[in-house]
Amino acid sequence: MIHRKENTLNLRTAVPTLCVAMAAVLAGCVVGADTGAGEGSVTGSDEVGGQQSSSLSAGCTVLLTPASLVASVAQAENPAANVGDGSLATRWSGRGKGAYVTADLGATQRICGISLGWYNSGVDGRIYDYALSTSTDGSTFSPLSAGKSLPSTSLQPIEFEAVDARYVRLTVNGNTVNDYASVTELQITASAAPASAFVHPGILVSKGQLDFVKTKIGGGAQPWTKEYQLARGSRHAKRDYVASPVPIVKCSTPGSKQKAIDMGYEQAGCSEIVDDANAAYTQALLWYYSGDAQYAENARRILNAWARTMTAILFDQPRFPDTNGQVYANGHFVAGWGGTNFLRAAEILRYTYSGWTAEDTALQENHFKTVYWDLVKDGWTGGANRTSVMNETALGIAIFTNDREKYEYVVSQVEHSSKAMIYMPSDGGQPLYPMYQGRPRYTNDAKGDLAGIWSKPTRYIAGLEQETCRDLGHMQMGTSSLANMAETLRIQGDARSAYGDDPVHHENRLRAALELNADYVLQYLDNTGNRVGVKVTPAGWMPARNWPCSSFAETAGGGSAVMGWEIGYNEFRNRRGIGMPKTEELITRVRAMSSAGTRVGNHIGWETLTHAGAP
């Protein structure tokens, strides 16, 4: 079969042109006017610059030049590049309904205006059917607008809500004359402000904070130099570190792991994902502080190895046949524990390391959005450290991908979880209910639902954290994530975090939780002689001061109990000048410890190094 090319005709035709109220579309047209234009010409100026601005919203003033234009099909003489050359006299043409052209803007932009120019639209009766879609990663596109061209060859503005995107795709489903897509211009405009106004690097650490610590290390100042040496000497900092990614992560809870194995359900990647994420973050920090590119390349290889290999983290399915419980119920946890540190590492490298490429960014963005996002975006039904670390990972994904919609979705959850996880007398006789997908959960007070997920304290006191009575390790895993998110939000200039004081009750939950629970950890260390993760003596020991629980976990929950105190302390004591005597005493003791095992674990890592005295 011979396919005819869509040729430009030399026949000059007088064509009535429809005028509509949108003057920007048909600037200067007159009903019934004879354009005197040939079919290969356009009405008015051939140059887009002669048209009225296509922006439909105030401040939509930045005309974007695509880094590339790629079509699904194109005539050799009418390539995709023509839709971005600023001329209405050239065009992209490709035959077949569903033909499309994709504009890559090179980076995510706040797109607020799109105008389309159509070859011979209305001239010979043809009207095009089209759809616009956008994407941040070039693989998953979301619908933006769809419709039919107006009977005009002038630029035609399209109405839509502003959106953050890197890629814009125009799909043409033929026209009323033939099945060609023939487009003269695809003009894209953006807001004068940055696409998302996110600060980068801006996940837990900022550029200013990184520079502050680098200067301190360069001058041999303490505690930064000691912490730097601890990080360099840790197993996560090995220069020959090799990642161990798995295709599908499968992790049961400690309580159901053996049952799962006995029933033939394998465990895969549970420790590997956490270790490799800690290594990526550790080496990304060491890269910046030392300037040694080997660390950056190691971190980059770890990140890309997981992004290229892992396709899923199992959680909801499969289920145990006898209980209907999830076999891999720790899927949410490992997504949070691994995701937080992978995101911190990727953020540092993306904005500080020249060896990081656009391909690396696209790979990581797609990985975080397709593997992690759905697992972490809603937190957990019962709050606790599960919710906070999932919130923290989701917040990092939103910032790394410059996705304002995701960011607002997460922050709305963080605002509540920061309150529901820490009790204050202003809550009333019991804590606030946790929220999950917009609804309060564990609301059956008659059955003790809420008290149950708080491990049934003997009384609620100011600063009690949801897992204090479970053990101090899990308590601090949750509290540290609240502080981490508060620090990230502070870097982003957002006051909606656990750092914010309650203006009505003149209190701060995070500060109260740090001081109350630091005292419990101090009493534990007094009992063990400052040894971490060992059993208290005698059996059944409990803190003497203000302990509101009926029992005490004999090892206090392990090493996590002494990690993650620096960030909140730095905010309240150093930045705001508020006394934090218990937290300060605990931090002093931890800094004197010389094991990297007291500095890094799960999603907590090197916070004395990164945030001691940080601006």
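The values are calculated or read from the model by the stated rules, or taken from the named source; none is laboratory data. Note that the coordinates shown come from a computational prediction; the quantities given were computed from them, not determined experimentally. Counting neighbours? That spans all protein chains shown, and the Cβs are built from the backbone with ideal geometry, glycine included. All accessible areas refer to the heavy atoms of the entire protein, side chains included, with ligands and DNA or RNA removed. Shrake-Rupley method; radii C 1.70, N 1.55, O 1.52, S 1.80 Å.
Some observations on this one:
- Scanning the stretch 301-321 for residues that are surrounded by fewer than 24 Cβ atoms within 10 Å (Cβ to Cβ) and within 30 Å of ARG239 (Cα to Cα) yields ARG301, ASN304, ALA305, ALA307, ARG308, THR309, MET310, THR311, ALA312.
- Of all residues in the stretch 175-185, none satisfies being within 30 Å of ALA362 (Cβ to Cβ) and open to solvent by 10 Å² or more (accessible area, probe 1.4 Å).
- Filter result for TRP373 (assigned to a helix (DSSP H, G or I), farther than 26 Å from ARG235 by Cβ, open to solvent by less than 30 Å² (accessible area, probe 1.4 Å) and among the hydrophobic types (A, V, I, L, M, F, W, C)): yes
- Residues that are aromatic (Phe, Trp, Tyr) and closer than 17 Å to MET475 by Cα were ranked within the stretch 520-555; the one that is surrounded by the fewest Cβ atoms within 10 Å (Cβ to Cβ) is TRP547.
- Verdict on TRP356 being closer than 19 Å to TYR241 by Cα and open to solvent by less than 50 Å² (accessible area, probe 1.4 Å): yes
Okay, residues lined up against (1) at pLDDT 95 or above; (2) assigned to a helix (DSSP H, G or I); (3) crowded, with 22+ Cβ neighbours inside 10 Å:
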position	(1), (2), (3)
THR323	yes, no, no
TYR328	yes, no, yes
GLY336	yes, yes, yes
LEU343	yes, yes, yes
ASP360	yes, yes, no
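- Between VAL389, VAL410, VAL414, the distinction of being assigned to a helix (DSSP H, G or I), more than 24 Å from SER560 (Cα to Cα) and either aliphatic (A, V, I, L, M) or at pLDDT 95 or above (or both) belongs to VAL410 only.
- Per-region count, the stretch 239-275, residues of a type in the set (A, V, I, L, M, F, W, C), out of contact with any strand residue (DSSP E or B) (no Cβ under 9 Å at 6 or more places or on another chain) and open to solvent by 40 Å² or more (accessible area, probe 1.4 Å): 3
- Members of the stretch 108-141 found to be open to solvent by 30 Å² or more (accessible area, probe 1.4 Å), modelled with pLDDT of 95 or more and in a strand (DSSP E or B), listed by number: ASP129, ALA131
- Scanning the stretch 138-155 for residues that are among the hydrophobic types (A, V, I, L, M, F, W, C) and over 26 Å from the mean Cα position of the chain (by Cα) yields ALA146, LEU150, LEU155.
- Close contacts from the stretch 409-424, counting a first residue that is over 13 Å from GLN437 (Cα atoms) and a second that is assigned to a helix (DSSP H, G or I) and open to solvent by 10 Å² or more (accessible area, probe 1.4 Å), with Cβ to Cβ under 6 Å and a gap of 6+ residues or different chains, come to ILE422/ARG509; MET424/ARG509.
- Among the numbered conditions (1) more than 19 Å from TRP92 (Cβ to Cβ); (2) open to solvent by 30 Å² or more (accessible area, probe 1.4 Å); (3) charged (D, E, K, R), the only one that LYS148 does not meet is (1).
- Some residue of the stretch 276-292 being open to solvent by 30 Å² or more (accessible area, probe 1.4 Å), part of a helix (DSSP H, G or I) and of a type in the set (Asp, Glu): no
- Listed by first and then second residue, the pairs with beta-carbon distance under 6 Å, at least 6 apart or on different chains, first residue in the stretch 485-514 and basic (Lys, Arg), second part of a helix (DSSP H, G or I), are ARG496/VAL411; ARG496/GLU415; ARG511/PHE572.
- Qualifying residue in the stretch 565-583 (condition: surrounded by fewer than 22 Cβ atoms within 10 Å (Cβ to Cβ), modelled with pLDDT under 95 and not in a loop (DSSP other than H, G, I, E, B)): no
- Scanning the stretch 437-456 for residues that are surrounded by fewer than 19 Cβ atoms within 10 Å (Cβ to Cβ) and on the phi < 0 side of the Ramachandran plot gives ARG439, PRO440, ARG441, THR443, ASN444, ASP445, ALA446, LYS447, ASP449, ALA451, GLY452.
- Residue count for the stretch 69-107, restricted to those that are of a type in the set (D, E, K, R), open to solvent by less than 40 Å² (accessible area, probe 1.4 Å) and within 14 Å of GLY117 (Cβ to Cβ): 1.
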